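One structure is given below, encoded as structure tokens.
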Amino acid sequence: MTPDPAVSPYIEFSRDEWARLRASTPMTLTAEDVERIKGINVELSVDEVEQMYLPLSRLLNLYVRASQQLFSVTDTFLGKPTHPVPYVIAVAGSVAVGKSTIARILQALLSRWPDHPRVDLITTDGFLYPNAVLEERGIMHRKGFPESFDRRRLLDFVSDVKAGVEEVVAPVYSHIRYDVVPGEVRVVRRPDIVILEGLNVLQGGGSGTYVSDYFDFSIYVDADTADIEEWYVNRFLTFRDTAFRDPEAYFHRYASLSDDEARAEAHRIWKEINEVNLYENILHTRERATLILEKRADHSVGRVRLRRR
């Protein structure tokens, strides 16, 4: 449903309107770059990057530059140099909606701007509790739901990043093992920008401090639920023929399923877990985003909504 423009906090753009906002921004990614960046079963063309994501990188560059200039004002006021802290961008949305691909596109584009060449991308999967903890608590079937994350550790991570801590570590998750990798971490060393991608990162609104309180800009990747379900099923079929064939894979048991069996299992998992999580915990955070990308059935962006500042 299109919000009433008289009351909506968002400015809406069609594809053509948004594409024109690229202005003279040069395209810095090659066709090979785009092919390498795109995710499993996600359609992504150079034209799509130029028309939809290059304008977004221009907008984000303007925001980051303004933030950096604010630190210069603070320097002048205090009469001594201060250290700029990373600009934090969140990317949220459902499982299989393509948010990981979009986060990688933005990382690649933003790192090519001269004002902020160091861009780190962190996914919140690493902040899931280990499987042993989820099984002990009886919530393995709710993996990906808010209670399955170590929210205190995630909050501390983002808080330290925004505080300008010299080195901040993030745990690493293996999608093959379907678990956090013991002892393995990503070290964030005061980059110019940090992109945080995850399902529930936009949660907030209650008492206390939320991860979203530390975001400078947030993006929600939206699509029709039926389309997301189909993308999830198709991705499951691709994994059955690739990643699941690894004997070490957590879901190796699915590698021998027929097409019909695999589709049925993927639809079951979607209905019982991912769709429930989407409606209970993710979708209602959409209106908290700074910008909403509305994707069509072919993964192209059909409309952009930018929050009025």
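Values quoted throughout were computed directly from the atomic coordinates according to the rules given, and no laboratory measurement underlies them. Keep in mind that what you see is a predicted model, and the values were worked out from it rather than measured. Glycine also receives a Cβ, built like all others from the backbone with ideal geometry; neighbour counts cover every protein chain displayed.
Just a few scattered comments:
- Farthest toward the positive end of the dipole of the chain, out of T101, L59, S300, is the Cα of L59, where the dipole comes from beta carbon charges about the Cα centre.
- Distant alpha-carbon pairs in the chain (separation over 23 angstrom), percent: 59
- Farthest toward positive dipole pole in the chain [+1 Lys/Arg, -1 Asp/Glu at C-beta], among V276, S256, L29: L29
- Within straight-line cross-link reach of K295, lysines at Cα separation under 18 Å, skipping those fewer than 8 residues along the same chain: K38, K99
- Centre-to-centre separation between the Cα atoms of segment 239-309 and those of segment 143-213: 20 Å.
- Selection from T290, P130, S148, by position along the positive dipole direction of segment 11-307 (Cβ): T290
- Annotation note: trypsin sites (Lys or Arg not before Pro) in segment 5-69 located in DSSP loop regions with a Cβ neighbour count of at most 14 within 10 Å are absent.
- Taking V161, V194, V7 and counting other C-beta atoms within 10 Å, the order from fewest to most: V7, V161, V194
- Near the amide H of A223, within less than 5 Å, lie the amide hydrogens of K295, all on another chain or at least 5 residues away, with H placed in the peptide plane.
- Considering only the chain, percent of DSSP beta bridges that pair antiparallel, nearest 5: 45
- Loop-exposed GluC sites (Glu not before Pro) per DSSP, neighbour cap 16 Cβ within 10 angstrom, longest uninterrupted part of the chain: 44-165
- In the chain, the DSSP-assigned H stretches of four residues or longer account for a calculated mean residue ellipticity at 222 nm of -10000 deg cm²/dmol, using -39500 (n - 2.57) per stretch and the full residue count as denominator.
- Cα-centre dipole for the chain with unit charges at Cβ (Lys and Arg positive, Asp and Glu negative), debye to 20: 880
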